[in-house]
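The values are calculated or read from the model by the stated rules, or taken from the named source; none is laboratory data. Quick caveat, the model's predicted, so the values are computed rather than measured. Ideal geometry is used to build each Cβ from the backbone, glycine not excepted, and the neighbour counts take in all protein chains shown.
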Amino acid sequence: MSIYIKVLSLLILGVLLTMCATAPPKVEEIDVGFCISCHQERTPGIFQSWVESKHAKKGVHCVTCHIDHQAASEQKSLVFPEKCGECHKKQLAEFRKGRHSIAFDRMRIQGEYLGIPQEIRAAFCERCHIIEKKCNSCHTSHKFSLVEAKSPDSCGSCHLGPDHPHKEMYETSLHGTVYKLTQNPERAPRCVTCHMAKGTHDSSFGIARGPVGTRSVVVDMKEVPISKEEEERKREEMIGVCKGCHSRRFAEEQLENADRVKEEGFKLMEAGKEPIQEIEKEGLIYPSIAERMPHPTEGRALVLADPQLYMGTSHIERLFFTMFKFHTIRVWKSGYHFSPAYTHGFGWTEMQLDLIDIKEEAERLRQMLREKKKQ
Amino acid sequence: MSIYIKVLSLLILGVLLTMCATAPPKVEEIDVGFCISCHQERTPGIFQSWVESKHAKKGVHCVTCHIDHQAASEQKSLVFPEKCGECHKKQLAEFRKGRHSIAFDRMRIQGEYLGIPQEIRAAFCERCHIIEKKCNSCHTSHKFSLVEAKSPDSCGSCHLGPDHPHKEMYETSLHGTVYKLTQNPERAPRCVTCHMAKGTHDSSFGIARGPVGTRSVVVDMKEVPISKEEEERKREEMIGVCKGCHSRRFAEEQLENADRVKEEGFKLMEAGKEPIQEIEKEGLIYPSIAERMPHPTEGRALVLADPQLYMGTSHIERLFFTMFKFHTIRVWKSGYHFSPAYTHGFGWTEMQLDLIDIKEEAERLRQMLREKKKQ
Amino acid sequence: MSIYIKVLSLLILGVLLTMCATAPPKVEEIDVGFCISCHQERTPGIFQSWVESKHAKKGVHCVTCHIDHQAASEQKSLVFPEKCGECHKKQLAEFRKGRHSIAFDRMRIQGEYLGIPQEIRAAFCERCHIIEKKCNSCHTSHKFSLVEAKSPDSCGSCHLGPDHPHKEMYETSLHGTVYKLTQNPERAPRCVTCHMAKGTHDSSFGIARGPVGTRSVVVDMKEVPISKEEEERKREEMIGVCKGCHSRRFAEEQLENADRVKEEGFKLMEAGKEPIQEIEKEGLIYPSIAERMPHPTEGRALVLADPQLYMGTSHIERLFFTMFKFHTIRVWKSGYHFSPAYTHGFGWTEMQLDLIDIKEEAERLRQMLREKKKQ
């Protein structure tokens, strides 16, 4: 413990002792000692983390962010980005340019979210999408350590799993491998090296994809497709990062290679749609679109690919759900993340197996119809 | 190497040289020098690990635990918890209160275990369930380092994989992420922080679930359902741990949220049982329960959920096997471990897909029956 | 930065300044200063890595390996093992004894490779199989740090994923767990401890398996089955490594146990083939072998297990593909890597589920035939 912290602790203790002997202070008089008089004992972990923070050293304490006891209680201790932005102006402005800042609002209109029982949503989508309302999604409270925020593990606490395995793709790439080995961001890039270059909080830096990455159009924050020029500008941003280690030629080649992987991946995905579209025209889908619950945002329609849902559909549609949502995304996103295991083994291979399954299921459904007609 | 170790090594060498010149000692005379005369060369890794152990510093040597050469050979070098308990009395008593201490015995009566060819069982279940007989399952021999034993990786060498991905759920939670980043158990909890609080070796501390976690009833060590009061006492134990960092209100909310996730998960699982139970009543399961090998512990019955097996059943039962054994457990256990990726992506989503598959398979089997009847 | 590097940098700067004032040098005159005059700015990451390398300290610089600017450009900066072997003779000779040295050539004749669109192959198989042509597959350029090359993560950047999860099996074994915990190769083995014992670059050391590990015969570098004696010699090599920590008896028992696991795994795989072979004889496979694209290397034949492909086959064959390619290999290889999670949960369990699916699909195809005949 540094001498600074020791002195600080003594000062705090002094304030604390004074507080104990007096009446509860008015809001404008609340200082760190008032909070600590209870919270050092009630939530020692939080207190300790704050003590180790830069905030503690700079005099930013409980009520600076939590306003007062009642507000903290009513807001369930949430501190909104606007509050952080009072000091961190540049970061807030950048944050608002990226999709992180609309993550909660966008989530709330998704069919997937609406299909989850309301009383358990907090353990599902919300736990990550809350990033819209919480800088401490990445800047883990109450230490707010930059080392923690910049680590791939920090990004990876949300960007992982079957439908967006960014963490897994990075960790199985040479970039991720060398970083894990050396823990040296000069030796190999972390997520933030490329996606929050030079510390920008605009998470759309350098990438030309819209939400989820399962759509063919690339959209901006207002869901409007971006222009060819904008796409090229973003590619140039990214190459600017690659050039820290690689030649421009190499970087361009790698990204163009990934472009082709993306194209081939989407092409294979389209091949998976065809048998289902035909089967649907022939009236063979069970339960039929007329019989079942309408899609919460698309109504009574055959929805293949985004915003297709994982529940209440037929088996053949569900085979496609896995193909588009879990496997297509692995193929093309790991093209850009340079993970052959995800491009090929976990992606392309699974897509090919999906295609076999979809075709055979279509044939089965047709055969069933033929039997019925014979009767 | 500390000066202590150097001096110890010299002493050992002295004893060793003396040993070499004399006849093999009687059992009661065996000391470390006798063992080392061969084993320093034959098993240098083991010797080196022991040298670095606290045991070496305290004069606990080979025969203290392994008794003598014949016993060590006959017991295949296993040292049973009773032996460790001669010194570590409190730990042994606590250990016996938790299910770790009945892991091998319980395993031996499971159908799954009985279904694996006898000659390969050692590479399967036994490698972990042997914890009943081996403190060095966690306290990795022969260094017995506390740092190693307390690490999440130590617990994770058994608590992982499709049917109990505790390691994966922890690692994808914010708790696991911050611990991985900081390696500081004051900053974020490890497995032992919550499940072996304050060093208890009673692994049932604070948790109110029976074996495997796929049953709806919660049982104690004698497989007897525990009382509501006992459940509440255990919840209070766990909140006591949470309060190290969080407010009581926050901890209660989080655990109650997880309770609801568990309920919804089990409800969805029940929805998966229904079509199969109906199909079975209609006599449509193939191979039928009458035709096939009886369940090793349940006999000729439709077994859905624990102790359902993964072999020799029909396709529709196998679809439910995956649903209950791999996916339901991810939903509710990651509710309590705060991993949205496992609750939603790897859990809930997969359960919904399972449900689609089960329903369609039930319809297929019915359609097949209708065809047969028409003939 | 060491004083050595500082002096070196000054010398380089001197050479650099001299270079700038003169005409472009002839090839034989190219020295490090010429390269650095541009590349320190253009590819600072690469320059920095080289500065930290042993090469830099020993006077091995850009053109020592890359020959000259034109060659570097034409070869896309690839430096072939033959070049490295000019100094590292022993390592090159050893490298040539193992399958790493034929990885690219063998890949080029595989049906799987040929089935991937040519323009994206670089992001797939080639990214790993290029090891034949690149020592810096493991010795990550341009630092060529031994710590990096010897790490399990280095091996794991290729040896992972659904069809060869060596990394995952190691990491979930006690060996991998203790190494992760301690980062001490004296405490627990890394991949290279057993497979490149004492630094050999012959990656076939101690193992008696041919490519991929899905065939029952064990072949050498020329695809010729190896003799019983050769197998025994290799077993003895491996036991020699185990003995560093374990007794010979223990090591032999563990490997014989793994032999049995392998046998049982292959036996179960054969059980999966039978229903498909029968179905094929009965002419029930759809699309039939006559109707569909011939196998690129095996022609119009039912190919079950290696070199079976993942595309264009029937659903029942695809079920077997997953069984042999992803699940059988997990069972037996993790037998030798001592990972119960992969042997049982991710392997044996999945194989049993595959078998149920294959049998039911065979029955479904037969039922379909019966219906057709009735018409």
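Residue check: is residue A:271 of a type in the set (Gly, Ala, Ser) and crowded, with 19+ Cβ neighbours inside 10 Å? Let's see the steps before the verdict.
On the way: of a type in the set (Gly, Ala, Ser): yes; crowded, with 19+ Cβ neighbours inside 10 Å: no.
Taking the combined requirement at face value, the residue does not satisfy it.
Before we move on, is residue B:301 more than 14 Å from chain A (Cβ to nearest Cβ), of a type in the set (A, V, I, L, M, F, W, C) and in contact with a His (Cβ under 7 Å, 6 or more places away or on another chain)? Walk me through how you get there before you give the answer.
On the way: more than 14 Å from chain A (Cβ to nearest Cβ): yes; of a type in the set (A, V, I, L, M, F, W, C): yes; in contact with a His (Cβ under 7 Å, 6 or more places away or on another chain): yes.
In short, yes.
Out of (1) surrounded by 21 or more Cβ atoms within 10 Å (Cβ to Cβ); (2) closer than 30 Å to residue A:149 by Cβ, the odd one out for residue B:120 is which?
Only one criterion is unmet by residue B:120, namely (2).
Among the residues of the range B:306-320, write down those that are more than 7 Å from chain C (Cβ to nearest Cβ), buried (at least 23 other Cβ atoms within 10 Å of the Cβ) and assigned to a loop (DSSP other than H, G, I, E, B).
Passing the criteria: only B:309.
Being part of a helix (DSSP H, G or I), more than 7 Å from chain A (Cβ to nearest Cβ) and touching a Ser or Thr at 6+ places or on another chain (Cβ under 7 Å) is the filter; apply it to the range B:331-347 and report the residue that is surrounded by the fewest Cβ atoms within 10 Å (Cβ to Cβ).
The first filter runs over the range B:331-347 and keeps only residues part of a helix (DSSP H, G or I), leaving B:331-337, B:340-347.
Add one more test, that the residue is more than 7 Å from chain A (Cβ to nearest Cβ), and what stays is B:331-334, B:336-337, B:342, B:347.
When the remaining residues are screened for being touching a Ser or Thr at 6+ places or on another chain (Cβ under 7 Å), the result is B:331, B:334, B:337, B:342, B:347.
On the way: B:331: 27, B:334: 30, B:337: 23, B:342: 28, B:347: 29.
Residue satisfying both the conditions and the ranking: B:337.
Go through (1) surrounded by fewer than 20 Cβ atoms within 10 Å (Cβ to Cβ); (2) under 30 Å from residue C:370 (Cα atoms); (3) within 10 Å of another protein chain (Cβ to nearest Cβ) and name the single condition residue A:263 misses.
Answer for residue A:263: the failing condition is (2).
Can you run down the residue pairs with Cβ atoms below 8 Å, 6 or more apart or on separate chains, where the first is in the range B:75-87 and closer than 18 Å to residue B:140 by Cβ and the partner is of a type in the set (Phe, Trp, Tyr) and in a helix (DSSP H, G or I)?
Cβ pairs passing all conditions: B:76/C:250; B:77/C:250; B:81/B:95.
Residue B:345 is checked against (1) over 25 Å from residue A:368 (Cβ atoms); (2) in contact with a helix residue (DSSP H, G or I) (Cβ under 8 Å, 6 or more places away or on another chain) and fails just one. What number does that condition carry?
(2)
Select from the range B:39-62 the residues that are surrounded by fewer than 19 Cβ atoms within 10 Å (Cβ to Cβ) and of a type in the set (A, V, I, L, M) and list them in ascending order.
B:60 - this is the single residue of the range B:39-62 that is surrounded by fewer than 19 Cβ atoms within 10 Å (Cβ to Cβ) and of a type in the set (A, V, I, L, M).
Search the range A:348-375 for residues being out of contact with any helix residue (DSSP H, G or I) (no Cβ under 7 Å at 6 or more places or on another chain) and either hydrophobic (A, V, I, L, M, F, W, C) or free of Cβ contacts under 8 Å to residues at least 24 places away in the same chain (or both), and hand back the single one that is surrounded by the most Cβ atoms within 10 Å (Cβ to Cβ).
So the first thing to find is which residues in the range A:348-375 are out of contact with any helix residue (DSSP H, G or I) (no Cβ under 7 Å at 6 or more places or on another chain), and the list is A:349, A:352, A:363-364, A:366, A:369-370, A:372-374.
So of that shortlist, the ones also either hydrophobic (A, V, I, L, M, F, W, C) or free of Cβ contacts under 8 Å to residues at least 24 places away in the same chain (or both) come out as A:349, A:363-364, A:369-370, A:372-374.
Numbers: A:349: 26, A:363: 17, A:364: 20, A:369: 14, A:370: 11, A:372: 13, A:373: 7, A:374: 12.
Ranking the candidates gives A:349 first.
Check off (1) modelled with pLDDT under 90; (2) more than 12 Å from every other protein chain (Cβ to nearest Cβ) for residue C:238 and give me the number that stays unchecked.
(1)
If residue A:104 meets every condition in (1) out of contact with any Ser or Thr (no Cβ under 7 Å at 6 or more places or on another chain); (2) more than 28 Å from residue B:335 (Cβ to Cβ); (3) modelled with pLDDT of 95 or more; (4) of a type in the set (Phe, Trp, Tyr) apart from one, which number is that one?
Status for residue A:104: all satisfied but (2).
Please state which one of B:373, B:333 is more than 19 Å from residue A:113 (Cα to Cα) and under 30 Å from the mean Cα position of the chain (by Cα). Break it down into steps so the answer makes sense when it comes.
Numbers: B:373 fails: under 30 Å from the mean Cα position of the chain (by Cα).
Every option except B:333 fails the conditions.
Please go through the range C:267-284 and give me each residue that is within 12 Å of chain B (Cβ to nearest Cβ) and closer than 18 Å to residue C:318 by Cα, ordered by number. Step through it out loud before you land on a result.
Looking only at the range C:267-284, we keep the residues that are within 12 Å of chain B (Cβ to nearest Cβ), and these are C:267-268, C:271.
C:268, C:271 - these are the residues of the range C:267-284 that are within 12 Å of chain B (Cβ to nearest Cβ) and closer than 18 Å to residue C:318 by Cα.
Report whether or not residue B:186 is part of a loop (DSSP other than H, G, I, E, B), surrounded by fewer than 20 Cβ atoms within 10 Å (Cβ to Cβ), at the interface with another protein chain (Cβ under 9 Å from one of its Cβ atoms) and without any contact (Cβ under 8 Å) to a residue 40 or more places away in the chain. Lay out the reasoning, then the answer.
Working: part of a loop (DSSP other than H, G, I, E, B): yes; surrounded by fewer than 20 Cβ atoms within 10 Å (Cβ to Cβ): yes; at the interface with another protein chain (Cβ under 9 Å from one of its Cβ atoms): yes; without any contact (Cβ under 8 Å) to a residue 40 or more places away in the chain: yes.
So residue B:186 passes the test.
Please verify whether residue C:303 is part of a loop (DSSP other than H, G, I, E, B) and β-branched (Val, Ile, Thr), treating the condition exactly as stated.
Numbers: part of a loop (DSSP other than H, G, I, E, B): yes; β-branched (Val, Ile, Thr): yes.
So residue C:303 passes the test.
Condition check: at the interface with another protein chain (Cβ under 9 Å from one of its Cβ atoms), buried (at least 20 other Cβ atoms within 10 Å of the Cβ) and touching a residue at least 24 places away in the same chain (Cβ under 8 Å). Does residue C:167 satisfy that?
Numbers: at the interface with another protein chain (Cβ under 9 Å from one of its Cβ atoms): yes; buried (at least 20 other Cβ atoms within 10 Å of the Cβ): yes; touching a residue at least 24 places away in the same chain (Cβ under 8 Å): no.
In short, no.
Mind checking whether some residue in the range B:267-276 is farther than 30 Å from residue A:46 by Cβ, at pLDDT 95 or above and among the acidic types (Asp, Glu)?
Yes, that holds for at least one residue.
I'm told residue B:115 meets every condition in (1) surrounded by fewer than 18 Cβ atoms within 10 Å (Cβ to Cβ); (2) at the interface with chain C (Cβ under 7 Å from one of its Cβ atoms); (3) of a type outside the set (A, V, I, L, M, F, W, C) except one. Can you identify the failing condition by its number?
(2)
Name the residue, out of A:134, A:143, that is surrounded by fewer than 21 Cβ atoms within 10 Å (Cβ to Cβ), within 14 Å of another protein chain (Cβ to nearest Cβ) and closer than 21 Å to residue A:82 by Cα.
Numbers: A:143 fails: surrounded by fewer than 21 Cβ atoms within 10 Å (Cβ to Cβ).
Unique residue meeting the criteria: A:134.
Please specify each residue of the range A:114-134 satisfying the condition of being within 19 Å of residue A:157 (Cα to Cα) and either assigned to a helix (DSSP H, G or I) or in contact (Cβ under 8 Å) with a residue 24 or more places away in the chain (or both).
If we filter the range A:114-134 for residues that are within 19 Å of residue A:157 (Cα to Cα), which is where we start, we get A:121-134.
Of everything in the range A:114-134, those that are within 19 Å of residue A:157 (Cα to Cα) and either assigned to a helix (DSSP H, G or I) or in contact (Cβ under 8 Å) with a residue 24 or more places away in the chain (or both) turn out to be A:121, A:122, A:123, A:126, A:127, A:128, A:129, A:130, A:131, A:132, A:133, A:134.
Please go through the range C:146-164 and give me each residue that is touching a helix residue (DSSP H, G or I) at 6+ places or on another chain (Cβ under 7 Å) and facing another protein chain (nearest Cβ under 8 Å), ordered by number.
Correct list: C:148, C:151, C:153, C:154, C:156, C:157, C:158, C:160, C:161, C:162, C:163.
Among C:109, C:102, which is the only one that is part of a loop (DSSP other than H, G, I, E, B), surrounded by fewer than 21 Cβ atoms within 10 Å (Cβ to Cβ) and away from every other protein chain (no Cβ under 11 Å)? Walk me through how you get there before you give the answer.
Details: C:102 fails: part of a loop (DSSP other than H, G, I, E, B).
Of C:109, C:102, the one residue that is part of a loop (DSSP other than H, G, I, E, B), surrounded by fewer than 21 Cβ atoms within 10 Å (Cβ to Cβ) and away from every other protein chain (no Cβ under 11 Å) is C:109.
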